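The values are calculated or read from the model by the stated rules, or taken from the named source; none is laboratory data. Quantities reported herein were computed from a predicted structural model and do not represent experimental measurements. No Cβ is skipped: glycine too gets one built from the backbone with ideal geometry, and neighbour counts run over all protein chains shown. With ligands, DNA and RNA removed, areas are computed over all heavy atoms of the protein, side chains included. Shrake-Rupley method; radii C 1.70, N 1.55, O 1.52, S 1.80 Å.
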Amino acid sequence: MSSTQPDLSRTAQRALAIVALALTVAAGCDSCCTEPLASKDDVAICALDTSCEEGDAFRYGICDSGGCGSDADCCPGTRCRTDLNTCFPRLLDSDFECETSADCPDPAQVCAVISVGGREPLPTCIYESCAGDSDCGVGSGRACYAGHCVTNTPCGGACPAGSVCEINTNSCHTLPTEGKDANGNPKVDSSCSQECTDGLLVLANEGTMSGEICCAALCKCEGLPPVVPTRVGRYSRVAVTPTEVLVSAYDAEFGDLVVARFDLNGAVKRFDYVDGVPAEAPSGDPNGPRGGVRGVGVDVGTHTGIAVDSAGLARVAYHDVSANSLKVAIEGPTGVWRSHFVDGAADPSVGQTGTFTDVAVAANGTIFVSYLAHDTTLAGVTGQGTGVKLARSRNPAPQSAADWEFFVVDARPVTALDPAARVESPELPRGRGLHSSIALDGDAAVIGYYDGSDGDVRVARFQGTTAVVSVVDGDGQGGRLPNDVGRFPTVGITGSDLLIAYEDAARHTLRFWKGPKETPGVGGAYGVADSLREANRSGSHFIGAGARLSTEGSTPVLVHQDASTLDLRFATLEGAAFAVSTVLDEGAHGFYADVAVNAGKAYVCSVVAQLDPRGKERSQLRLDVQQLP
């Protein structure tokens, strides 16, 4: 095959296959039928190598006159070529030509060299065979359906009456309405006439077919394949109960809020699609993810935060991208989720409201949500403001915005952009209140956050209706560091102390402060939780991205990313210093990491970034369980 004209060579090969097909029909089955005997319970019922007289063809278990008048005269997977008066395998059509899997029309297909009906092997787009979902590849977006790895329901989910879905070619094939095979049985079994209301009628005996030859057709009603999540994990946050682990995340393929449920050993139980799925009829398994719905609805579910109440029921705060607003989802006692709008800008096309969320639940069930409100109207600010806000529920199970109280915790006017500067990124606006992290100290909410314009880390202690704000680091005053200090702040309460960790972007370290919880940044002690410089190499690793802290157990635990090597780092506070180790280092790890602790184990969620063979993102959520010292 010429490397400069691969398409022409491939097409020429298929043209030769057509010529060979015409010669084969003229010669009869003696020259084409070499497949083994099809059998049932060791009793031969149909021999694919049956010799037919010249001009005849072996179809549906009997030698019939060759030629065709319609597709119903042909075996499944073939079509009637009236110009040649013969049946032609669909896999030889140009639609199935390929050099790589990227050439295939369906992302579930792969390019493989196969023989069609005993012909010279050709690279062809096929659906791989499988015995279970694991054969289709984790994170591939494919499910094992009727022995084939598929992404979407074959044949559009339904075929007209009198036809059956032939999965290999993803086509509906019209079946003969009469006639018997050589054994006196119908050419088409009565199973092909059944009504399949909850699935798809597919062939049950594909192994008895080869190119233009086939035995009598058997059918089965196969339930619809599930929707397979392929890009779930961004904006992930974790919470743990005595019985399971819950991870809130964003499905970037469909634009949905998802809560993944794991057992305490880290095994996936199921995915709850909480918000974003449109109200439409399912085209996939109604008992699977998204209820089998493949349509795309409103874009929701970024910037999630999750916490559980005393009964282990989840409360999730998140950003509604389509409406530019803050929403909260409440899990009910029966497992039913209810979502509602909480806060949003008067003009959803301006600024952003409801990003960088975090959530905590008090012992009495009151829900606290911290979040950014940027380039919007804020109390106490002249003109457009930017700041961190707090929403506090009036009851444990709010149902609308009327069930919330709202407070501007710390705000300032929006910093004007230099006209020559780049367009402001919504992931890192020059706002006050980025990367908010919340912890409860009795009835007081302690909120850590980053000022994207000043480059400092702040802590607000909010009690009743009043906030006391402190700059912890980054302003260069009172012995504090200058420059860009304070991204990804994360807070926790340890006895009488506040612990806050954050990225020092100027010095490439993960820094922390630990001291009196009533007076953040005053007294106490600063330290470096993690830094990394390789011997004989200049510069340091970029340490501390996405830092998240848990103080739920007796040992504070910190997770973060080494952005230089894309490793997930894990640290425990032992005395006055952190002991650091690398948890994941094979691949691109550490994105959107978070940690929760229960019964001496740390549950670490994160996203591994990866691409499929076509170069399409197939990033996946994972949960790792670490035993604590």
Return yes when THR304 is polar (S, T, N, Q), at pLDDT 95 or above, under 19 Å from GLU427 (Cβ atoms) and open to solvent by less than 20 Å² (accessible area, probe 1.4 Å) and no when it is not.
yes
Taking the range 59-75, which residues are surrounded by fewer than 19 Cβ atoms within 10 Å (Cβ to Cβ) and among the aliphatic types (A, V, I, L, M)?
ALA72
Say whether the condition of being part of a strand (DSSP E or B) and within 16 Å of ARG338 (Cα to Cα) is met by at least one residue in the range 277-297.
no
I'd like the full set of residues that are in contact with a helix residue (DSSP H, G or I) (Cβ under 6 Å, 6 or more places away or on another chain) and in a strand (DSSP E or B), limited to the range 77-121.
ARG79, CYS80, THR86, GLU97, VAL110, CYS111
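So, of the residues in the range 531-551 that are of a type in the set (Ser, Thr, Tyr) and open to solvent by 20 Å² or more (accessible area, probe 1.4 Å), which turns out to be farthest from GLY486 (Cα to Cα)?
Among those residues, the one meeting the criterion is SER538.
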Could you tell me whether VAL580 is closer than 20 Å to GLY455 by Cα, open to solvent by 40 Å² or more (accessible area, probe 1.4 Å) and of a type in the set (Val, Ile, Thr)?
no
If you take the residues of the range 369-391 that are in contact (Cβ under 8 Å) with a residue 40 or more places away in the chain and open to solvent by 10 Å² or more (accessible area, probe 1.4 Å), which of them is farthest from PRO413 (Cα to Cα)?
LYS389
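Yes/no matrix, rows are residues, columns are (1) in contact with a Phe, Trp or Tyr (Cβ under 6 Å, 6 or more places away or on another chain); (2) over 17 Å from GLY433 (Cβ atoms):
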position	(1), (2)
LEU481	no, yes
THR490	no, no
GLU503	yes, no
HIS508	yes, yes
LYS514	no, yes
Applying the selection to the range 266-311, what residues are within 20 Å of THR230 (Cβ to Cβ), in contact with a Leu (Cβ under 9 Å, 6 or more places away or on another chain) and among the β-branched types (Val, Ile, Thr)?
VAL268, VAL274, VAL300, THR302, THR304
Can you tell me which residue among THR86, THR78 is open to solvent by less than 20 Å² (accessible area, probe 1.4 Å), over 25 Å from LEU201 (Cβ atoms) and touching a residue at least 40 places away in the same chain (Cβ under 8 Å)?
THR86
When SER171 is run through (1) of a type in the set (S, T, N, Q); (2) over 32 Å from the mean Cα position of the chain (by Cα); (3) surrounded by fewer than 23 Cβ atoms within 10 Å (Cβ to Cβ); (4) closer than 20 Å to GLY117 by Cα, the failure sits at (2)
Cβ pairs under 8 Å, 6+ apart, first in the range 112-126 and closer than 18 Å to SER101 by Cβ and open to solvent by 40 Å² or more (accessible area, probe 1.4 Å), second in a loop (DSSP other than H, G, I, E, B) and hydroxyl-bearing (Ser, Thr, Tyr):
PRO121/SER115
Pick from VAL528, VAL469: which is open to solvent by 40 Å² or more (accessible area, probe 1.4 Å), among the β-branched types (Val, Ile, Thr), touching an Asp or Glu at 6+ places or on another chain (Cβ under 7 Å) and under 19 Å from GLY455 (Cβ atoms)?
VAL469
Step by step: first the residues of the range 239-262, then only those that are touching a Ser or Thr at 6+ places or on another chain (Cβ under 8 Å) and not small (Gly, Ala, Ser), then the one that is surrounded by the fewest Cβ atoms within 10 Å (Cβ to Cβ). Which residue is that?
GLU253
Strands (runs of 3 or more DSSP E) completely within the range 185-245 that count 1 or more residues being more than 30 Å from HIS560 (Cβ to Cβ):
199-203, 219-223
Answer residue from the range 298-311, given it is part of a loop (DSSP other than H, G, I, E, B) and not hydrophobic (A, V, I, L, M, F, W, C) and is nearest to the chain's Cα centre (by Cα) among those:
ASP299
So if I check each of GLY575, GLY590, GLY600, which one is open to solvent by 40 Å² or more (accessible area, probe 1.4 Å) and at positive phi?
GLY575
Would you kindly identify the strands (runs of 3 or more DSSP E) lying entirely within the range 474-538 that contain at least 1 residues that are among the polar types (S, T, N, Q)?
485-494, 509-516
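When you check CYS136 against the structure, is it open to solvent by less than 50 Å² (accessible area, probe 1.4 Å) and either under 19 Å from ALA204 (Cβ atoms) or modelled with pLDDT of 95 or more (or both), yes or no?
So CYS136 does not fit the description; no.
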Is there a residue being under 27 Å from the mean Cα position of the chain (by Cα), part of a strand (DSSP E or B) and in contact (Cβ under 8 Å) with a residue 12 or more places away in the chain anywhere in the range 402-411?
no
Going by the structure shown, is ASP454 buried (at least 16 other Cβ atoms within 10 Å of the Cβ), assigned to a loop (DSSP other than H, G, I, E, B) and within 38 Å of the chain's Cα centre (by Cα)?
yes
Per the filter on the range 312-342, residues assigned to a strand (DSSP E or B) and open to solvent by 20 Å² or more (accessible area, probe 1.4 Å) are LYS327, TRP337, ARG338, SER339, PHE341
Among the residues of the range 420-438, are any free of Cβ contacts under 8 Å to residues at least 40 places away in the same chain, part of a strand (DSSP E or B) and either at negative phi or of a type in the set (Asp, Glu) (or both)?
no
So, PRO398, is that one crowded, with 20+ Cβ neighbours inside 10 Å, part of a loop (DSSP other than H, G, I, E, B) and not aromatic (Phe, Trp, Tyr) or not?
yes
Out of the residues in the range 91-111 meeting the condition of being surrounded by fewer than 14 Cβ atoms within 10 Å (Cβ to Cβ) and among the small types (Gly, Ala, Ser), tell me which one is farthest from PRO225 (Cα to Cα).
SER94
